Amino acid sequence: MGAGDHVAGLVDAMHADPHNGVMTEAVATGRVAVGIEPEDYDRAHSGLHHSPLMRELWARAMGDEYPSQVEPFSSCSWWVLGRAVAGLRLRPDGVLVDLGCGRGGPGLWLARALSARLVGIDFSAAAVELAASRAPGFVAPGRAEFRRATLADTGLPDRYADGAVSIDVLPFAPDRRAVLREVRRILVPGGRLVATVRERPAGEDGWAVLAAEAGLELESSTVHVGHDDFWTRLYALWEEHEAGLRAEVGDAATDNFLREAAGSRTSPHRERPPLLLVLHRTD
Ligand SMILES: C[S@@+](CC[C@H](N)C(=O)[O-])C[C@H]1O[C@@H](n2cnc3c(N)ncnc32)[C@H](O)[C@@H]1O
């Protein structure tokens, strides 16, 4: 199976039934995922890692909000990093878990800024390998590790994390309630999750309800201004630089990126604001 098959399936599902099963989560972001299998993300992460053009386009789309050393595969901007610092309230040597860490940039940057120890979780083998290779550029040996696992089953012990972060990941999870239960389980009492999401659809349970069901309190919800404009600019740049991307990241990854761009343009879910949430385990 090619990644393109999956992405094409995703776009079709979006048009056929935007509230259907696993597709609901990806479609609900207002973006169409580059793929829904770990192998699709492997291809995307390797593409970003090895493509100066891809990183340049990201930087151009984000402008002076681009945290260059982080090299996010997401909307992780200076604004997001600043909010995460303020929201996490970690003590030195606290344990930070990055859920859906990708190539590790946001978690590594935060771990260095907060003198925290980092565990990154991702189901993409390429992501965890590339993240580990980048760790020495941010933190001392032994201060960061990366594990291949899913959001809903991290394999981490109960009450392990003093804080958790998840940038542009939760909306893609097949079962967000299960992920929030897992977050509650791994957080210490008093610990917080900072996560980027999109507002829930009208008529469905909101984030405060989902959080409460999992035993978490929605401490704050802030509109992520500029998020949708950033993606619109990035998608246009991908389309403009298709030939260059094909040369640097290959046809399969480029096809996925272009499908994401085309599918997202028609998504009705962009009407719901992108949010940055802080969820608190109070007991
Ligand atoms: C949009 S990327 C964001 C990566 C990173 N947070 C960043 O800001 O650069 C989403 C990441 O979530 C991971 N992911 C998606 N669904 C997952 C799941 N169910 N379990 C674990 N990782 C998942 C993907 O492999 C990918 O690395």
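What follows is calculated from the coordinates using simple rules that are stated; it is not laboratory data. All of these numbers come straight from a predicted model, not from anything done at the bench. Cβ atoms come from the backbone with ideal geometry, glycine included; neighbour counts cover every protein chain shown.
Points to keep in mind about this one:
- Model label points for Arg55 and Thr222, set 7 angstrom from Cα along the Cα-to-Cβ axis, are 2.7 nm apart.
- Charge tally in the Cβ shell below 13 Å around Trp78, where Lys, Arg are +1 and Asp, Glu are -1, Trp78 excluded: -1
- Whole-percent P(r), the range 191-283, all Cα pairs, 5 Å bins from 0: 3, 12, 17, 16, 13, 12, 11, 8, 6, 1, 0.
- Descending Cα extents along the principal axes, the chain, whole Å: 50, 46, 35
- Length available on full extension from Glu65 to Ala178: 0.36 nm per residue minus the Cα-Cα distance, which gives 37.4 nm.
- Amide H contacts of Ala144 (H built 1.01 Å from N, under 5 Å, at least 5 apart or other chain): Leu118
- Under the criterion of Cα pairs below 8 Å and six or more residues apart, the relative contact order for the chain equals 24 percent.
- Of Gly263, Gly190, Gly142, the residue with the greatest mean-square motion in the GNM of the chain, using alpha carbon springs below 10 Å, is Gly142.
- Student exercise, the chain dipole from Lys, Arg, Asp, Glu Cβ charges, in Debye to nearest 20: 980 debye
- Theoretical ellipticity at 222 nm over the chain - DSSP helices of four or more residues, -39500 (n - 2.57) apiece, nearest 500: -14000 deg cm²/dmol
- Residue-count net charge about Val139 - beta-carbon cut-off 14 Å; Lys, Arg +1, Asp, Glu -1: +1
- Theoretical gain in end-to-end length, Ala262 to Ala132 [0.36 nm per residue, Cα-Cα removed]: 43.5 nm
- Choice from Glu204, Glu260, Glu71 showing the highest fluctuation, given a GNM over the chain with Cα pairs closer than 10 Å: Glu204
- Computed E for Glu37/Ala86 - FRET, C-beta separation, R0 30 angstrom, nearest 0.05: 0.30
- Full extension of the chain segment joining Glu145 with Glu199 gains 16.3 nm, where the gain is 0.36 nm per residue of separation less the Cα-Cα distance.
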